[in-house]
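The values are calculated or read from the model by the stated rules, or taken from the named source; none is laboratory data. These numbers come from a predicted model, not from an experiment. Glycine also receives a Cβ, built like all others from the backbone with ideal geometry; neighbour counts cover every protein chain displayed.
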Amino acid sequence: MKCPYCGHLGDKVVDSRESREGEVIRRRRECLECGKRFTSYERIDEIPYMVVKKDGTRERFDRQKLIQGLLKACEKRPVSVAAVEAIADRVEATLQDRPEKEIATADVGGFVMEELRKLDKVAYVRFASVYKHFRDIGEFVDELKGLLNAKE
């Protein structure tokens, strides 16, 4: 760490303390050249996960937005909030496992639809009807037929 007084690069840590929340570490340092003390703060550099929308725009991944969509699809269905949160956890884990920090909404939507299909067929159809933007009733009926013909 460069000394703010003399610019020397050598120092020693005299004292380290965590903040109450554990998000920051405060370090008291002493310059090995001039002997003056100074404070540095260490915190995790959070890189946000970005979602790439169909039109190419990017926005931060928003867990609450995902949960709201899932809750809407599962409204009045026998699906617990814990199950919805578990899906959101799996989506976040998928994001964290990827080397790149961006994911297409199509990938997120496909993953969510697969999870809902296993969890609750009605919630799946509700989510798919909004997510897939069916152009006509025929496409919607085809999706339902595929769901009925799928062997679980």
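VAL24 fails exactly one of the following numbered conditions: (1) touching a residue at least 12 places away in the same chain (Cβ under 8 Å); (2) assigned by TED's automatic domain parsing to the domain that holds GLY110. What is the number of that condition?
It is condition (2) that VAL24 fails.
Kindly indicate which of ALA88, ALA82 is free of Cβ contacts under 8 Å to residues at least 24 places away in the same chain and assigned to a helix (DSSP H, G or I).
Unique residue meeting the criteria: ALA82.
Is it the case, given these coordinates, that PHE140 is part of a loop (DSSP other than H, G, I, E, B), surrounded by fewer than 18 Cβ atoms within 10 Å (Cβ to Cβ) and at pLDDT below 85?
No; evaluated as a whole, the condition is false for this residue.
For the stretch 2-61, which positions are of a type in the set (Asp, Glu) and assigned to a loop (DSSP other than H, G, I, E, B)?
Result: GLU21, GLU23, GLU33, ASP45, GLU46, ASP55.
Tally the residues that are farther than 27 Å from LYS101 by Cβ and surrounded by 10 or more Cβ atoms within 10 Å (Cβ to Cβ), restricting the search to the stretch 19-63.
Count: 14.
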